[in-house]
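The structure under discussion appears below in the form of C-alpha cells.
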Amino acid sequence: MTTIPTGSLRPRTTGPLVMAPSILSADFARLGEDVRRVEKAGADWVHVDVMDGHFVPNITVGPVVVHWLKKCTSLPQDVHLMIENPENYIPAFAKAGAWNITVHWEACRRPAEVIRLIKKSGCQAGLSVRPRTPIQKVAPYLKELNLVLVMTVEPGFGGQSFMPDMIPKIRWLREQCAGMAPSRRPWVEVDGGINNDTAPLAVHAGANVLVAGNAIFAAPDSAFALKTLRHRAQTPIL
Ligand code: DX5
Ligand code: ZN
C-alpha cells in the first residue's frame, strides 16, 4: 500500500489508496497467472464479482473460485455479491476465504441482519448501492460497515463508461466519514469505469478504494496499467 501524497487531495482523503483489480476482465483460463502479475505490481486487494443472473443479467463465479484463488495469492479477496438472497451464500464465501463481503442494499430485506451475518462469518462487511439508489440508504448501517461501495456503472458487466453523476455520492460518504472516529470509518470504494481519466475524479471526491477491471486486465501490460492507474489516481486535480 502507498500513502496518498500532499496536494489538493488532502482535505478529502487521507491514508492509503487501495487498488483492487477486478478479475471480471481477467483471462479465466489463466486466472492464477493474471492475479499473481497484479499482486507483484502492487495490487492491494483482488476484487471478485459474483453475479447470479437474477440481480444482474450476467452469471460469473462462486465460492470455488475464491477457494482456489486463495491458494495462489496472498491478496485479500474483496468479494462483491451481485446476487439475490445473499444471506444464503455468505457462509460459503467466508469459508472459501473471502476477506471482505459486499452485498447490495437492493438485494437485502434486512440489511442489518445481513451485515451481522457477514461479520459473524469472520469477514469485513460492505454495502453497495446501484446507480439509481440514493446513497443515503446506507446511512443507518454506516457505523457497522467496514466498506461502502458506490457503483459508477449499472452492475453486471465490465468495460462500461463511468457515470460522473455518481460523484456526489462519493463526496457525501466522505463527509459522513469526517464525523466518525478514524478507526471506525468505512472504506469508500468505487467500482465501474475506473481508468486514468476517471480515477482522479473518484479519489478527489473521497474514494480510497478503486476497483478496475478493464483498465487493468484488458491492457497489454496489466502490471504497467496498474502502476499507471495508481499514479494517475493520486495526481492532484488543479
Ligand atoms: C460490474 C462489476 C465491476 C466490473 C468493473 O458490475 O462490479 O467490478 O468488473 O469493470 P470495469 O473496471 O471494466 O468497469
Ligand atoms: Zn464489482
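Rounded to the nearest 5, the antiparallel percentage of DSSP beta bridges internal to the chain is 10%. The P(r) of the stretch 102-213 has a tail past 21 Å containing 32 percent of all C-alpha pairs.
What list do you get for Asp221, Asp34 if you sort them by fewest beta carbons within 10 Å? The partial results should precede the final answer.
Values: Asp221 12, Asp34 20.
In increasing order of surrounding Cβ atoms, one gets Asp221, Asp34.
Rounded to 0.05, the FRET efficiency of the Glu84 and Ala29 pair, given R0 = 35 Å and the Cβ-Cβ distance, is 0.75. Of all DSSP bridge pairs formed entirely within the stretch 63-145, close to 0 percent run antiparallel.
Scaling the Cα radius of gyration of the stretch 106-165 by the globular reference 2.2 N^0.38 Å produces a ratio of 1.21.
Remark on the chain: Rg and Dmax equal 16.2, 47 Å (Cα only). Here the stretch 19-66 is treated as a Stokes sphere of Kirkwood radius computed over C-alpha pairs; at 20 °C and 1.002 mPa s its diffusion coefficient rounds to 186 µm²/s.
Going down the list Lys120/Lys143; Lys40/Lys137; Lys70/Lys120; Lys70/Lys169, which pairs span over 28 Å between their C-alpha atoms?
Lys40/Lys137; Lys70/Lys169
The peptide list 197-203, 126-132, put in order of mean Cβ contacts within 10 Å with the highest first, becomes 197-203, 126-132.
Approximating the spin labels as points 7 Å out from Cα along Cα→Cβ, the His231-to-Arg132 distance works out to 4.1 nm. Counting neighbouring Cβ atoms within 10 Å and putting the fewest first, the residues Ser22, Ser161 line up as Ser161, Ser22. Scanning residues 5 or more positions from Phe55 or on other chains, those with amide H under 5 Å from its amide H are Glu84, with H placed 1.01 Å from N in the peptide plane. Positive contributions from Lys and Arg (+1) and negative ones from Asp and Glu (-1), summed over other residues with Cβ under 11 Å from the Cβ of Pro186, come out at +2.
None of the figures in this text is laboratory data; all of them are computed from the coordinates on show. What you see is a predicted model, and the numbers here were worked out from it, not measured in a lab. Quick reminder, even Gly has a Cβ in these numbers, built from the backbone with ideal geometry, and neighbours come from all protein chains shown.
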